[in-house]
Each structure stands twice: as structure tokens, then as C-alpha cells.
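Chemist: Right, I'll just put the structure down here and ask away after.
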Amino acid sequence: LKMDFLGLRNLTVIEHTVNMLKDRGEKVDIDNLPLDDPEVYKIFARGLTIGVFQFESSGMREFLKKLKPTHFEDLIAMNALYRPGPMQNIDKFIKRRLGKKNIEYISPSLKPILDETYGIIVYQEQVMQIANEIANFTLAQADILRRAIGKKDTDLMEALKVKFIDGATNNGMTKKQATDIYGLIEKFAQYGFNKSHSTAYALVAYQTAWLKTYYPAEFMAANLTSEMTNIDRVVILINECRKLKIDVSPPDINVSHIHFQPIDNRSISFGMNAIKNVGEKALEFIIAAREKDGPFNSLFDFTGRVDLQAVNKKVLESLIVSGSMDHLEGSRAEKVSTIDIALRYGQNIQSERYKNQ
């Protein structure tokens, strides 16, 4: 499986979601999901695919609403079709898939090869099969044609055209039919996609959609965590949570963790590591102090208990301004104006504590 950065991020999201479920005693065999779950396909059919690998773009979501996929093969095909060249065939594919347009073949011999994609060449493997079965190419020669398509090697494709037409006419086709079929192949060369890659991508997409269907809070929390340094992306994902009727609570030093965490099926606590200038090390000390002696009840209680080497003035300002301390006494402005006093208080408290030790 050749994955780009986005693919690796989605695999990380899947792993993080599964681990969250495992921590609460739920075991999910993500690699052996049934691929015919109608509830999962509803996610695709409704275009609710933010966070679903390869199916997030607005254009893709609109096509999914038209297609209303119900089979895994639909996802494989859409993955291959939604690219700069083949996009022109998407509406034709959808109409043929839904029976709104007749399926046409240049020659009946193409039907067994292109039946799964309703008469449209979608995959490089189909080109190999056409070359092998219709033009008498060996599999090795068909692979050379596939590679020429993949590399857009027009000189090699032109050389192979003569061999293709000769082979097809020897199999009973007219020269026009053979030329027209090769014309389709040349056109396909502008955007040829590999079905094996598209299948792998579709599988990751299905896995993410399955998690979003049955464990939306955990799945969205994992997505938010993976994107927490990208504020624009965080906003998009929080808006998606609203569509799913999942509440993402504001950051709170007495509730929130380093990462986004599901509280229940319909709520997620904000990951404080998404707050600018608040590093993971500082948060580790804050959460350790909270778990040891309970919730913080004031700014002075906070500075008296956390490690002020890690939780410095800049961290404290960011926590206050982000609203993470709104549940503590005083307004944000009052807390900001009291930071220096609170820090001196905390330093004195901790000095006394260490002296006694």
C-alpha cells in the first residue's frame, strides 16, 4: 500500500480510535469488518465524509450524494474517478450505475472487461486486460502498455498502437473499432489510475466511515487530536461534530486532557495541546497535579500546585485567554492582571514545601 501523508494520518486516526475503544474494554477488529454494512454506506450517501480518507472534498461529497453508493466497488471506482482527467466521466458513470443511461460498448468483447465500471475504462488493470484479450498482447507486453500509460510516455504508446490495431483486427474487429478502442486507451492515459491502489484507499475510507458510523465521538476526537496544530482544520472538524450532534466542550483545566477525549457518545472534551503556547510538558504537570490533589479551585491554588518551571507566565496567559480557567474565580481580565502575584505566591509556596522536605 503506497500511502501519502494524508493516508498515514488516517491510519493513525484509525489506530488512535481503536486504542481508545480498547482502553474502555471494547475490541474492534478493524481489519476484518464486513464490507456490506448498509449503515456505513449511509455516511457516504449523505455526504457526511469529513474525516473519511479520500472522500472529504466538497466536490466528492456532492458526487456521493448523487451516486448513493451501496457496494464497496462503488467506493473503489469513485476513488479512481475523482481525479483531474476522469472527473468528466463521473456523471456518466453515476447515470449508468443508477440505470438512467444506457451502457454502450464499442465492441461486445469489451463487456466482460468493462462490465463492473458500466462500459467506462477506470483502471490501468482494465487496459492490460483489453490489450491481452482483444489485441493478443502477452501479459508482459500489456504491462509495458500500462507503464507507458502511467508515465504518459506518448512515443511508446504510439509505437504500441500499431501492434494493438493489428492484434485486434486479427481477432475479428474492424480497423475502426480497434482504432476507437485504442483512442479510449490514449484518452485514459491522461489520468490512468491503478485499481489495486484505489482498492487499498477505499478500504481505509470504509474503515474510517465505519468508525464514524458506530463510534462518532471517539473517531472525531482522534481526528481533532491528529489536526490539533492546524486551527483551520480544527474548526472544520468541530463544525462536523455539530452536524453529528456531538458537543465539543471548551477547554477546562479541571476536565480537559492533553488530547481531545470523548466524554460520552455525544460529547468531547477539548484537547489543551491545541492551545497556542501551551506545550505537552506543561500539560503533563498540570494533569498530574489535578489527578493527585483534585480540581483546582482558584488561580492561586493552581500556581501553588503546578511545576512553575514548566508552567510559566506565557503558558498561564494562554490558558486564561483560551477560557481554560473560566470556571475559576474572577473574570479573564482579573486573572490576567493577577498573574505576576499568583506566580510569586506559587513560588513562595513551593519554596516552603521544598525547604520542609
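Chemist: Could you work out the helix-only [θ] at 222 nm for the chain, with each DSSP H run of four or more residues adding -39,500 (n - 2.57) and the total divided by the number of residues, to the nearest 500 deg cm²/dmol? Walk me through the numbers before you get to the answer.
Modeler: Details: 18 runs with 211 residues, N = 357.
Rounded to the nearest 500, it is -18000 deg cm²/dmol.
Chemist: Hey, another quick one. Expressed in nm to one decimal, what extension gain is obtained for the pair residue 263 and residue 102 from 0.36 nm per residue of sequence separation less their Cα-Cα distance? It would help to have the intermediate numbers written out before the result.
Modeler: Details: separation 161, 0.36 × 161 = 57.96 nm, distance 5.09 nm.
This chain segment gains 52.9 nm when fully extended.
Chemist: Where in region 317-352 is the amide nitrogen less than 12 Å from a point lying 7 Å along the Cα-to-Cβ axis of residue 249?
Modeler: Label zone hits: 327.
Chemist: Here's a follow-up. Whenever you get a sec, compute what percent of the accessible area on the chain sits on carbon and sulfur atoms (1.4 Å probe).
Modeler: Carbon and sulfur: 51 percent of the exposed surface of the chain.
Chemist: For residue 351 and residue 230, FRET efficiency with R0 = 35 Å and r from the beta-carbon atoms, rounded to 0.05? List each step's numbers first, then the result.
Modeler: Numbers: r = 40 Å, r/R0 = 1.15.
Efficiency, rounded to the nearest 0.05: 0.30.
Chemist: Then there's this: Which whole-number percentage describes the relative contact order of the chain, with Cα contacts under 8 Å and a sequence gap of 6 or more? If you can, show how the numbers build up before the last one.
Modeler: Values: 451 pairs, mean separation 50.8, N = 357.
It rounds to 14 percent for the chain.
Chemist: A further question on this structure: Using only Cα atoms, tell me the angle between helix 72-81 and the longest principal axis of the chain; keep it within 0 to 90° and round to the nearest 10.
Modeler: 80
Chemist: Sticking with this structure for a sec: Would you kindly calculate the translational diffusion coefficient of region 1-157, applying Stokes-Einstein with the Kirkwood radius from alpha carbon pairs, for 4 °C and a viscosity of 1.567 mPa s, and quote it in µm² s⁻¹ without decimals? Numbers along the way, then the final one.
Modeler: Numbers: Rh = 18.1 Å.
Reported coefficient: 72 µm²/s.
Chemist: On to the next question. For a protection proxy built on the mean count of beta-carbon atoms within 10 angstrom, sort 150-161, 175-186 highest first, please.
Modeler: 175-186, 150-161
Chemist: With angles folded into 0 to 90 degrees, how steeply does helix 154-170 sit against the dominant principal axis of the chain? Use alpha carbons for both and round to 10.
Modeler: On a 0 to 90 degree scale, this one is about 50.
Chemist: Continuing with this model, one more query. Ranking request for peptides 46-56, 234-244: highest mean number of other beta-carbon atoms within 10 Å first, then the rest in descending order. If you can, show how the numbers build up before the last one.
Modeler: Details: 46-56: 21.3, 234-244: 15.8.
For the peptides 46-56, 234-244, the packing ranking is 46-56, 234-244.
Chemist: Further question on the same structure: How big is the charge dipole of the chain about its Cα centre, in debye rounded to the nearest 20, if each Lys and Arg gets +1 on its Cβ and each Asp and Glu gets -1 on its Cβ? The partial results should precede the final answer.
Modeler: Values: 47 positive and 45 negative charges, 189 e Å.
The calculated dipole for the chain is roughly 900 debye.
Chemist: Give the label of the value calculated from the structure for semi-axes √(5λ) of the Cα gyration tensor in Å, choosing from (i) 38, 23, 21; (ii) 59, 19, 16; (iii) 45, 23, 16.
Modeler: Correct label, based on the coordinates given: (ii).
Chemist: Between residue 42 and residue 143, what length in nm is gained on full extension when 0.36 nm per residue of separation is reduced by their alpha carbon distance? Working shown, then result.
Modeler: Working: separation 101, 0.36 × 101 = 36.36 nm, distance 3.74 nm.
The residue 42-residue 143 span can extend by a further 32.6 nm.
Chemist: Counting only residues 5 or more places away or on other chains, whose amide H sits under 5 Å from the amide H of residue 248 once H atoms are built in the peptide plane?
Modeler: Placed amide hydrogens put 268 under 5 Å from residue 248.
Chemist: At a 10 angstrom cut-off on C-beta neighbours, averaged per residue, how do the peptides 201-207, 345-351 rank from highest to lowest?
Modeler: Details: 201-207: 23.0, 345-351: 15.1.
Order by mean packing, descending: 201-207, 345-351.
The values are calculated or read from the model by the stated rules, or taken from the named source; none is laboratory data. This one's a predicted model, so the numbers in the text were calculated from it and none came from an experiment. Methodologically, a virtual Cβ is constructed for each residue, glycine included, from the backbone with ideal geometry; neighbour enumeration extends over all protein chains shown. Accessible surface areas use protein heavy atoms only, side chains included; no ligands, DNA or RNA. Shrake-Rupley method; radii C 1.70, N 1.55, O 1.52, S 1.80 Å.
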